[in-house]
Amino acid sequence: MLCLSEAERRAALELARQAIREAVSHRGLPDVIPSDGVFSERCGVFVTLHVEGRLQGCIGVTEPSEPLGQAIVRCSVSAALEDPRFTPLKESQLEELNVEISLLSALTPIVPEAIEIGRHGLLVVNHGQRGLLLPKVATEHRLTREQFLEETCRKAGLPRGAWKDADTRIFGFSCEVISDDSPAAGD
């Protein structure tokens with residue numbers, strides 16, 4: 001998993017904010033997307049947006065197909081404008097916007113007994129259905145390990161107990177979290 005310096009963390013947040021501002025205000029993208037140093041690396045990334053403390057969008061990728069700089073821009077804009085659960089972000093909401101970037105470690109198969117609440121995020125895959133929850137979901141909602149598995153299955157559109165099915169694959173990952181609230185936050 002990537003480990004960013006404080007300057008890189010600030011630059012990642014500023015890149016996300018700039019991409020969101022450009023997309024919301026001008027329907028464009030930043031003129032320059034950094035592509036050197038840490039921004040040339042590839043890793044899974046999720047961008048979560050809150051306005052006045054309420055979730056406003058969360059979009060990401062688990063399998064990195066582009067450099068981190070491009071992934072941050074794409075996921076930020078998608079979270080702001082394309083998350084189907086929310087209305088697109090408005091220019092008037094930019095001042096109240098809180099940005100959180102989660103950099104994912106590699107996905108690795110995990111058995112239910114090894115899941116550590118607060119440390120692991122989960123990806124559940126059963127045939128073509130996939131559901132992912134970040135590590136913070138379990139802690140914010142005070143979920144037990146079994147409830148976390150059930151909610152991840154539900155997110156995939158599967159029955160809650162599908163994690164026990166032999167055809168279901170469970171992957172764990174950890175995150176480095178970068179946010180406006182806590183620039184030094186870890187996984």
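The values are calculated or read from the model by the stated rules, or taken from the named source; none is laboratory data. Model, not experiment: these values are computed from the prediction. All Cβ positions, even for glycine, are placed from backbone atoms using ideal geometry, and neighbour counts span all protein chains on display. Each accessible area value is taken on the protein alone, full model and side chains, heavy atoms only, with ligands, DNA and RNA left out. Shrake-Rupley method; radii C 1.70, N 1.55, O 1.52, S 1.80 Å.
Per the Debye formula with a single identical scatterer at each Cα and no solvent contribution, what log10 I(q)/I(0) holds for segment 88-132 at q = 0.24, 0.28, 0.32 Å⁻¹? Debye output, listed in q order: -0.95, -1.13, -1.28. What you get for the chain, charging only the Cβ of Lys and Arg (+1) and of Asp and Glu (-1), is a dipole of about 540 debye around the Cα centre. Against the chain, whose longest principal axis is taken from its Cα atoms, helix 145-155 shows a tilt of about 60°.
Only protein atoms count toward the accessible area here, which uses a 1.4 Å probe; on the chain, the carbon and sulfur part of that area reaches 49 percent. Ordered by 1.4 Å accessible area with all protein chains kept, Phe46, Phe173 run largest first as Phe46, Phe173. Ordered from largest to smallest accessible area (heavy atoms of protein chains, 1.4 Å probe), the residues Asp31, Asp167 come out as Asp31, Asp167.
When the surface is traced with a 1.4 Å probe over the full set of protein chains, Ser25 keeps roughly 40 Å² accessible. Accessible area of Val125 (1.4 Å probe, protein heavy atoms only, ligands and nucleic acids ignored): about 10 Å².
Stokes-Einstein diffusion of the chain at 10 °C, 1.306 mPa s viscosity, Kirkwood radius from Cα pairs, rounded to a whole number: 94 µm²/s. With Rh defined as the Kirkwood radius, the inverse of the mean 1/r over Cα pairs, the Rg/Rh of segment 6-104 is 0.94. Largest first, the residues His50, His141 sort by 1.4 Å accessible area into His141, His50.
Sparsely packed loop sites in segment 1-40 (the GluC sites (Glu not before Pro) outside DSSP H, G, I, E and B with at most 14 other Cβ atoms within 10 Å) do not occur. Annotation: per residue accessible area for segment 1-85 equals 49 Å², rounded to a whole number [probe 1.4 Å, protein chains only].
Placing pseudo-labels 7 Å out from each Cα toward the beta carbon at Arg10 and Ser40 gives an inter-label distance of 2.3 nm.
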